Amino acid sequence: MNAYTVGEAAEMVGLTAHTLRWYEQEGLVAPIDRDSAGRRRYCDDDIGWLRLLIRLRTTGMPVREMCRYAEMVRAGDHTVGDRLQLFVEHRERVLARIDELQQDLAMLDLKISVYGEMAQAQAQPLASR
């Protein structure tokens, strides 16, 4: 089993060491094993868990829901139904956000088209000289 320092783990997942410590403090991450000198030692499972948390955060899941999810996982398999519901509800929010972003993108595409045509029209008289 691989073991990583807090700095190595932070680099692997793209967070700061401070953020990893904060994740542990907030209960997002179960207490991390420590070496004989008391330094945190992350394993591959910890890295996978951190990557999941990062993905959840990137998709807009609030930290309190992430904490609730972490608590459910630690509580055991009797929480599977609640975990499923949490992810189904979050998925709906992500889909709604994707729809909003697609509408935003359509507006940007429209403006790019309009300004592209205007810029081309302005360049036409210069090219004919």
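The values are calculated or read from the model by the stated rules, or taken from the named source; none is laboratory data. Being a predicted model, the structure only gives us computed values, none of them experimental. With ideal geometry, Cβ positions are generated from the backbone for all residues, glycine too; neighbour counts draw on all protein chains shown. Side chains are part of the model used for accessible areas, which takes the heavy atoms of the whole protein and leaves out ligands, DNA and RNA. Shrake-Rupley method; radii C 1.70, N 1.55, O 1.52, S 1.80 Å.
Per residue, the accessible area of segment 9-129 comes to 70 Å² when a 1.4 Å probe rolls over the protein heavy atoms. When L50, L108, L15 are compared by accessible area at a 1.4 angstrom probe, the order from most to least is L108, L15, L50. Cβ-Cβ distance of W22 and M107, R₀ of 35 Å, FRET efficiency by 1/(1 + (r/R0)^6): the value works out to about 0.45. With Rg/Rh (Cα atoms, Kirkwood Rh) as the read-out, I listed [x] 1.27; [y] 0.93; [z] 1.21; which label goes with the value calculated from this structure? Checking each listed value against the structure points to [x]. Its DSSP H runs of at least 4 residues, each contributing -39,500 (n - 2.57), put the calculated 222 nm mean residue ellipticity of the chain at -25000 deg cm²/dmol, to the nearest 500. The charge dipole of the chain, taken about its Cα centre with unit charges on the Cβ of Lys, Arg, Asp and Glu (plus for the first two, minus for the last two), comes to roughly 280 debye.
When the chain is described by a simple charge dipole with +1 on each Lys and Arg Cβ and -1 on each Asp and Glu Cβ, the residue from T59, L108, V73 located farthest towards its positive end is L108.
Which percent of the accessible heavy-atom area of segment 21-102 goes to carbon and sulfur, probe 1.4 angstrom? Roughly 50 percent of what the probe reaches on segment 21-102 is carbon or sulfur.
Between E100 and C67, the modelled labels are 2.3 nm apart [label points 7 Å from Cα along Cα→Cβ].
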